[in-house]
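Here the structure comes first, spelled out in structure tokens, and everything after it is commentary.
The values are calculated or read from the model by the stated rules, or taken from the named source; none is laboratory data. None of these values were measured; they are calculated from a predicted model. Please note: Cβ atoms are built from the backbone with ideal geometry, for glycine as well, and neighbour counts cover all protein chains shown. Note: areas computed on protein heavy atoms with side chains; ligands, DNA, RNA excluded. Shrake-Rupley method; radii C 1.70, N 1.55, O 1.52, S 1.80 Å.
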Amino acid sequence: MSDLVKARVTTFAVAALGALAFVLAGLPLPLLLGPLMACLVAALCGAKMANAGGFGAFMRTFLGVAVGASITPAIVGDLPAMAGSLVFVPLFIAVIAIIGYPLFRFGFKMNHPTAWYAAMPGGLQDMLVFGEEAGGDVRALSLIHATRVLVVVTAAPILMTLVWNADLTAPPGRPMLDADPLQLVLMLVCGVGGWKIAERVGLFGASILGPMILTAIFSLSGLITERPPAEIIWAVQFFIGIAVGAKYTGITLHELKVDVLAGFVYALLLAGISLVFIELIYLTGTAPAIDAFLAFLPGGQAEMVVIAIMAGGNLTYVICHHLLRIVLVILLAPVVDRLFRRHGGG
């Protein structure tokens, strides 16, 4: 048995135990937070773990399918109403950059590319690629962004339960046995087909956005009329929990004291910034508070979609805001970085 296979077996066993413990304890989102926390603890104890690789990406396609299936003609008609809160997204990113960069650059003494791409609330993989090309510390970036997602994803369900009494234990869809077999086949086609097409054209977040776009086309044409069954969404949660928790494998004491601490402090600052913008959106009457909460929390795209599904939020509203945030960061972060360097910064 290869080292990679052993690491994955260990990871799945640890994740399963974590999920079981959270289920028995009656905690929110047990199939997401249980594996995540168990893998984190195991990594801190020195266990060698690994994510699910290509199969994990395959499972993420069902999140894209779930969002795409929620895009109906009625939802499309509501899109102009979202403009009132979408205009806050660029300002949201700018405030994060202004506060986050000095924190990493001067507070934690990181070099310029590491500090810059650590502060950017974009997709993890994209920030790692940009950061590496610019000469940043990829391991530090990975741990910082993983910690940001970990804190946000852990805190969000607790806050939603306390503030809005959100029921995060209800099934996130119909049972598999009640699903139309043809609908399941169409979902699978949209998931895999959309993923591979998006990869071929180089679309970021291909495993989610590709299936979302293709499923939305099928939904708007009336071919897909259901969302993925509850069992599939639960399985997706399990794999996302593994993906976040496994990033901490091999962590050292120095990384824990510097990179993870930096990510934790940054996540707390982000939470404060997010709450200000969430309150602004709520006060303007643009969206319900819980939708604004899900849209302006800078967690991972997949993680926030899962929470939105479980909470019964407006998936189209939530994904539009996260997509705009990620697109703007991917487009502008390297440009601003180059301008900064050209004028003697960094």
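Listed here are the residues, each with its yes/no results for (1) within 18 Å of A97 (Cβ to Cβ); (2) out of contact with any Gly (no Cβ under 9 Å at 6 or more places or on another chain).
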site	(1), (2)
I233	no, no
I240	no, no
V244	no, no
G263	yes, yes
S274	yes, yes
L323	no, no
L328	yes, no
P334	yes, yes
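Which of the residues that make up the range 107-135 are in a helix (DSSP H, G or I) and among the charged types (D, E, K, R)? Walk me through it before giving the result.
To start, the set of residues in the range 107-135 that are in a helix (DSSP H, G or I) comprises 107, 112-119, 124-133.
Across the range 107-135, the qualifying residues are D126, E132, E133.
Just one of (1) more than 27 Å from G272 (Cα to Cα); (2) open to solvent by less than 50 Å² (accessible area, probe 1.4 Å); (3) in a helix (DSSP H, G or I) trips up F104, so point out which.
(1)
Looking only at the range 21-40, which residues are of a type in the set (A, V, I, L, M, F, W, C) and surrounded by 14 or more Cβ atoms within 10 Å (Cβ to Cβ)? Walk me through it before giving the result.
The first filter runs over the range 21-40 and keeps only residues of a type in the set (A, V, I, L, M, F, W, C), leaving 21-25, 27, 29, 31-33, 36-40.
A21, F22, L27, L29, L31, L32, L33, L36, M37, A38, C39, L40 - these are the residues of the range 21-40 that are of a type in the set (A, V, I, L, M, F, W, C) and surrounded by 14 or more Cβ atoms within 10 Å (Cβ to Cβ).
Identify, by number, the condition in (1) part of a loop (DSSP other than H, G, I, E, B); (2) open to solvent by 30 Å² or more (accessible area, probe 1.4 Å); (3) within 28 Å of L36 (Cβ to Cβ) that L223 doesn't meet.
(3) is the only condition that L223 fails.
To keep it simple, each residue is scored yes or no on (1) open to solvent by 40 Å² or more (accessible area, probe 1.4 Å); (2) in contact with a helix residue (DSSP H, G or I) (Cβ under 9 Å, 6 or more places away or on another chain); (3) within 28 Å of F88 (Cα to Cα).
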position	(1), (2), (3)
T252	yes, no, no
L256	yes, yes, no
G263	no, yes, yes
A267	no, yes, yes
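Across the range 175-231, what is the number of residues that are within 26 Å of L328 (Cβ to Cβ) and among the β-branched types (V, I, T)?
Adding up the residues that qualify gives 6.
With respect to L214, determine if the residue is touching a helix residue (DSSP H, G or I) at 6+ places or on another chain (Cβ under 9 Å), touching a residue at least 12 places away in the same chain (Cβ under 8 Å) and either within 29 Å of L150 (Cα to Cα) or outside any helix (DSSP H, G or I) (or both). Step through it out loud before you land on a result.
Details: touching a helix residue (DSSP H, G or I) at 6+ places or on another chain (Cβ under 9 Å): yes; touching a residue at least 12 places away in the same chain (Cβ under 8 Å): yes; either within 29 Å of L150 (Cα to Cα) or outside any helix (DSSP H, G or I) (or both): no.
No.
Among the residues of the range 39-87, what is the count of those that are part of a helix (DSSP H, G or I) and within 23 Å of V306 (Cα to Cα)?
Initial filter on the range 39-87 (part of a helix (DSSP H, G or I)): 39-44, 54-69, 73-86.
So of that shortlist, the ones also within 23 Å of V306 (Cα to Cα) come out as 39-41, 54-69, 73-76, 78-79, 82, 85-86.
Count: 28.
Only residues that are crowded, with 24+ Cβ neighbours inside 10 Å and among the aliphatic types (A, V, I, L, M): list them for the range 123-134, please. Steps first, please.
First, the residues of the range 123-134 that are crowded, with 24+ Cβ neighbours inside 10 Å: 127, 131.
Once the filter is applied, which keeps residues that are crowded, with 24+ Cβ neighbours inside 10 Å and among the aliphatic types (A, V, I, L, M), the range 123-134 yields only M127.
In this structure, is D137 open to solvent by 20 Å² or more (accessible area, probe 1.4 Å), under 24 Å from L315 (Cβ atoms) and charged (D, E, K, R)? Show your work before the answer.
Details: open to solvent by 20 Å² or more (accessible area, probe 1.4 Å): yes; under 24 Å from L315 (Cβ atoms): no; charged (D, E, K, R): yes.
No, not satisfied.
Only one of R174, R200 is surrounded by fewer than 21 Cβ atoms within 10 Å (Cβ to Cβ) and outside any helix (DSSP H, G or I). Can you tell me which? Before you say what the answer is, go through the steps one by one.
On the way: R200 fails: outside any helix (DSSP H, G or I).
It is R174.
State the number of residues belonging to the range 107-122 that are of a type outside the set (S, T, Y) and surrounded by 23 or more Cβ atoms within 10 Å (Cβ to Cβ).
Matching residues across the range 107-122 total 8.
Table: residues versus (1) within 19 Å of A66 (Cα to Cα); (2) over 16 Å from the mean Cα position of the chain (by Cα); (3) at pLDDT below 95.
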{"site": "A243", "(1), (2), (3)": "no, no, yes"}
{"site": "I251", "(1), (2), (3)": "no, yes, yes"}
{"site": "A287", "(1), (2), (3)": "no, yes, yes"}
{"site": "L323", "(1), (2), (3)": "yes, no, yes"}
{"site": "L331", "(1), (2), (3)": "no, yes, yes"}
{"site": "D337", "(1), (2), (3)": "no, yes, yes"}
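When the range 144-169 is examined, which residues are found to be out of contact with any Lys or Arg (no Cβ under 7 Å at 6 or more places or on another chain), in a helix (DSSP H, G or I) and either of a type in the set (G, A, S) or under 18 Å from V265 (Cβ atoms) (or both)? Write out each step before concluding.
Going through the range 144-169, the residues out of contact with any Lys or Arg (no Cβ under 7 Å at 6 or more places or on another chain) turn out to be 144-145, 147-169.
Narrowing the set further to residues that are in a helix (DSSP H, G or I) leaves 144-145, 147-164.
Residues satisfying the conditions are I144, H145, T147, R148, V149, L150, V151, V152, V153, T154, A155, A156.
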